[in-house]
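To start, the structure itself, in structure tokens.
The values are calculated or read from the model by the stated rules, or taken from the named source; none is laboratory data. No experiment lies behind these values; they were computed from the predicted model shown. Virtual Cβ from ideal backbone geometry, glycine too; neighbours counted across all protein chains shown.
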Amino acid sequence: MTVMASIPDAVVASVKKLGLNGSSEHANGAFEAAVNVRTICCVGAGYVGGPTAAVIAFQNPHIRVTVVDRDEIRIRRWNSRHPPIYEPGLHDIVRVARDGGRETSFSNEPTSDVEGSPVDEARAKMPRRAANLFFTTDVATSIAEADVVLVAVNTPTKERGVGAGSATDMTAFEAVTAVVARYAREGAIIVEKSTVPCRTAQLVADTLSMHRPGVHFEILSNPEFLAAGTAVNDLLYPDRILIGSAPTPSGKRAAEALVGVYAAWVPRERILTTNVWSSELAKLVANSMLAQRISSINSISAVCEQTGADVDEVARAIGVDPRIGNKFLMAGIGFGGSCFKKDVLNLVYLADTMGLPEVGEYWRQVVKMNDYARDRFTNRVIKCLNNTLVGKKVTILGYAFKKNTRRS
């Protein structure tokens, strides 16, 4: 029997509460099988694809989940003892789903679950299970065998061409869509996991139709809402799962099939179904509004410095208002990471191209204020050093943009 050490409370609680041995007991007290979904292929073994596929496999022992990527080094890392991505709890979840075979228990150190009651080793045992998570570079076979294909490739901001600096670079996404069109079986459900511009589903439909005329596929939008450093907890205990589909009987059936996959551990009331355009746009709006709050409090920080007010006290005073809330009200040097700026600029580009310049300028100011906060901090440091860096040494303690992540 293998013992897992230092696995997060969320994972232990999940094992305790849910039927991870393939039983029909779920968090919402009902059996909601993933109807007709027995195989899932996730194209893209990066930050979104890897953890998402791992948790889906972990929570659905009856579903075969394959993660495919053409990066051989990355795939070798996923198949090793050291995954290419660090997230608390991810290593153990991958090991359980990928290796299977042995009875496993968690550390015998008492651990608190989400309600705060201790979870002991006897109550956190996982019975023998077959491996159902696989990592491979065999693109054609993996896609061809899948009932559901998740597209989870990088969509950065364009660096050149039309829309450079704000539009989304869809090169990788479009290339993968063409590959999916070539190999996916008829009737497969194609799911957008990548963050994409609104109405990308039409691009996917056109690409599929061009490569496989007359062959029917269903296209869903299922954006991720993961935060670096808490991705596993966000996947195990999401505040919502968003699934967008076409408003047709077949589109709704496809959405319900994906609902069934998530319902293995997510209460049904937290799984939201919308039309595909709403789902695509909601992801961009969510990140943009979070970025907006950070820029807002940083703008007030500048006012506080000039007036003698304490920005932390101001944030606390307004945060107790339930209409405002206290999240994302900590003043600092601005937001970092790979998502917020990219998604705000995507929204700016969308507004500009749709003839909504006032809307575009409104959201563009969020990024400008973020740049201002960074520059203001830098200038304060230089001022403290008598306005010169010559012969000075500056130590930066903590280079990541938040804890439990390696990203700056």
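When you go through ILE219, ILE271, ILE294, ILE243 one by one, which is the residue that is under 23 Å from VAL37 (Cα atoms) and in contact with a Phe, Trp or Tyr (Cβ under 7 Å, 6 or more places away or on another chain)?
Going through ILE219, ILE271, ILE294, ILE243 in turn, just one is under 23 Å from VAL37 (Cα atoms) and in contact with a Phe, Trp or Tyr (Cβ under 7 Å, 6 or more places away or on another chain): ILE271.
Which of the residues spanning segment 120-164 are among the hydrophobic types (A, V, I, L, M, F, W, C), part of a strand (DSSP E or B) and at pLDDT 90 or above?
Once the filter is applied, which keeps residues that are among the hydrophobic types (A, V, I, L, M, F, W, C), part of a strand (DSSP E or B) and at pLDDT 90 or above, segment 120-164 yields LEU133, PHE134, PHE135, VAL148, VAL149, LEU150, VAL151.
If you check PRO238, PRO247, which single one turns out to be within 24 Å of PHE58 (Cα to Cα), without any contact (Cβ under 8 Å) to a residue 40 or more places away in the chain and not in a helix (DSSP H, G or I)?
PRO238
Which one of LEU397, LEU350 is without any contact (Cβ under 8 Å) to a residue 24 or more places away in the chain, under 31 Å from the mean Cα position of the chain (by Cα) and not assigned by the TED database to the domain that holds LEU90?
The conditions single out LEU397.
In contact with a strand residue (DSSP E or B) (Cβ under 8 Å, 6 or more places away or on another chain), farther than 21 Å from PHE340 by Cα and in the same structural domain as GLU269 (by the TED database): which single residue out of ALA246, ALA181, ALA175, ALA167 fits that description?
So the residue among ALA246, ALA181, ALA175, ALA167 that is in contact with a strand residue (DSSP E or B) (Cβ under 8 Å, 6 or more places away or on another chain), farther than 21 Å from PHE340 by Cα and in the same structural domain as GLU269 (by the TED database) is ALA246.
Failed condition for SER296, given (1) small (Gly, Ala, Ser); (2) at pLDDT below 95; (3) under 27 Å from the mean Cα position of the chain (by Cα), with all others met?
Tallying (1) small (Gly, Ala, Ser); (2) at pLDDT below 95; (3) under 27 Å from the mean Cα position of the chain (by Cα), SER296 fails exactly one: (2).
What is the number of the single condition among (1) assigned to a strand (DSSP E or B); (2) at positive phi that LEU220 does not meet?
Checking LEU220 against (1) assigned to a strand (DSSP E or B); (2) at positive phi, the one that fails is (2).
Return the residue satisfying two criteria in turn: it lies in segment 314-371 and is among the aromatic types (Phe, Trp, Tyr) and surrounded by fewer than 19 Cβ atoms within 10 Å (Cβ to Cβ), and of such residues it is modelled with the highest pLDDT.
The selected residue is TYR362.
Which residues, counting only those in segment 46-105, are crowded, with 20+ Cβ neighbours inside 10 Å and among the hydroxyl-bearing types (Ser, Thr, Tyr)?
TYR47, THR52, THR66, THR104
Could you list all residues from segment 263-282 that are surrounded by 17 or more Cβ atoms within 10 Å (Cβ to Cβ), closer than 21 Å to LEU350 by Cβ and either modelled with pLDDT under 95 or of a type in the set (S, T, N, Q) (or both)?
THR274, SER279
Every residue in segment 176-186 that is more than 21 Å from the chain's Cα centre (by Cα) and in a helix (DSSP H, G or I), please.
Result: ALA178, VAL179, VAL180, ALA181, ARG182, TYR183.
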